[in-house]
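A short worksheet on the structure shown next.
Read-outs: derived from the displayed coordinates by stated rules, not from any lab. Please read all numbers here as calculations on a predicted model, not as lab measurements. Please note: Cβ atoms are built from the backbone with ideal geometry, for glycine as well, and neighbour counts cover all protein chains shown.
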């Protein structure tokens with residue numbers, strides 16, 4: 001992978017600088033080089049792989065309610081080119097889902113296939129349920 005990334009002139013310079021200092025800097029340079037496309041410097045759009053071949057399949061796989069916004073993305077390129085501002089203003093996607101989608105699109109660019117991560121039970125409860133639980137616990141402590 002390093003050989004492929006080192007082909008771009010900017011990446012070559014960053015990798016040479018990072019290799020002379022420490023491993024953390026080398027990791028950051030490799031990540032930055034992997035995320036940028038060779039010709040324009042914009043974020044690269046990876047090719048679909050595995051079971052993830054459409055925006056709907058991608059968003060279904062990552063979960064957290066992102067499958068509800070699948071119809072807002074026109075195609076694969078639109079999903080990977082959209083930034084936070086575009087998702088907020090043009091597509092009207094909420095902040096939690098925006099952050100989750102952006103995190104997974106970056107992971108997919110780096111070669112990590114998406115998988116479902118369930119939310120913890122602590123955060124799955126509604127606010128009213130949490131408050132009722134706290135009141136019950138306080139009542140038990142007073143007795």
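Being outside any helix (DSSP H, G or I), within 11 Å of the chain's Cα centre (by Cα) and over 18 Å from residue 54 (Cβ atoms) is the filter here, so list the residues in segment 84-128 that pass it.
110, 112
Please go through segment 69-83 and give me each residue that is outside any loop (DSSP other than H, G, I, E, B), without any contact (Cβ under 8 Å) to a residue 24 or more places away in the chain and loosely packed, with under 12 Cβ neighbours inside 10 Å, ordered by number. Break it down into steps so the answer makes sense when it comes.
Let us first name the residues in segment 69-83 that are outside any loop (DSSP other than H, G, I, E, B), namely 69-72, 76-81.
Now restrict to residues that are without any contact (Cβ under 8 Å) to a residue 24 or more places away in the chain: 70-72, 78.
Across segment 69-83, the qualifying residue is only 71.
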